[in-house]
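**Student:** The structure under discussion is supplied below as structure tokens; questions concerning it will follow.
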Amino acid sequence: MNLMGYTHDANLYIIGGLAVFCLWLKLFYFMRMFQQTAAFVRMIIEMLIDIRIFLFIFFIAILAFSNCFYVFDMFTRMMQKEQVGGEKIETIAGDTYIESFKYVYLQSLGELGFDGYDSSYAPYIYWIFFFASSLFL
């Protein structure tokens, strides 16, 4: 890459970071040669194979809840446009679907951000879906 003139390009660092990550993954592959680590590497591989159906259902549920929160926030933005001269109400899960997806994913990991629920247009709906998503995810 240096010979091609990509010395200080930002993409070079991204490619380098991905290459370093692949090298660390390759280390796990070579750890299968040693008796002490071979069983653990095999166990990790088997767990990843067995967990794929769970991960599929988990991400479908995250998509479902993030879609609900996105629609609720669309309703909030719609009500904000109709209200003239009132205070601005922030959306709960963000302004885009990707932000809603990140909000629900972080909520599934334990970051339970519910700061704006009570000041929203439909606090009971937000709380119902908050409890449902926290129990299901």
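The values are calculated or read from the model by the stated rules, or taken from the named source; none is laboratory data. These numbers were taken from a predicted model, which means no experiment stands behind them. For neighbour counting, all protein chains shown are included, and Cβ atoms are generated from backbone atoms with ideal geometry for every residue, glycine included.
**Student:** Can you run down the residue pairs with Cβ atoms below 6 Å, 6 or more apart or on separate chains, where the first is in segment 97-116 and more than 18 Å from residue 64 (Cβ to Cβ) and the partner is exposed (fewer than 15 other Cβ atoms within 10 Å of the Cβ)?
**Tutor:** Hits for this filter: 116/90.
**Student:** Would you confirm whether or not segment 52-64 contains a residue that is under 18 Å from the mean Cα position of the chain (by Cα), under 27 Å from residue 109 (Cα atoms) and of a type in the set (D, E, K, R)?
**Tutor:** Yes, some residue in segment 52-64 is under 18 Å from the mean Cα position of the chain (by Cα), under 27 Å from residue 109 (Cα atoms) and of a type in the set (D, E, K, R).
**Student:** Additional query: How do the pairs read when you match residues in segment 118-137 that are closer than 13 Å to residue 92 by Cβ and at pLDDT 80 or above with residues anywhere that are outside any helix (DSSP H, G or I) and not hydroxyl-bearing (Ser, Thr, Tyr), using Cβ under 8 Å and keeping only pairs 6 or more apart or on different chains?
**Tutor:** Final answer for the pair search is 126/92; 126/114; 127/114; 130/112; 130/114.
**Student:** Give the residue, chosen from 33, 43, 74, that is farther than 24 Å from residue 132 by Cα and surrounded by 10 or more Cβ atoms within 10 Å (Cβ to Cβ).
**Tutor:** Among 33, 43, 74, only 43 is farther than 24 Å from residue 132 by Cα and surrounded by 10 or more Cβ atoms within 10 Å (Cβ to Cβ).
**Student:** Look through segment 70-108, keep the residues that are among the small types (Gly, Ala, Ser) and at pLDDT 90 or above, and return whichever of them is nearest to residue 118 (Cα to Cα).
**Tutor:** Ranking the qualifying residues of segment 70-108, first place goes to 100.
**Student:** Could I ask something else about it? What are the pairs, 6+ residues apart or on separate chains, where a residue within segment 31-52 that is among the small types (Gly, Ala, Ser) has its Cβ under 8 Å from a residue that is part of a helix (DSSP H, G or I)?
**Tutor:** 38/31; 38/32
**Student:** Assess whether residue 1 counts as being modelled with pLDDT of 90 or more and surrounded by 10 or more Cβ atoms within 10 Å (Cβ to Cβ).
**Tutor:** So residue 1 fails the test.
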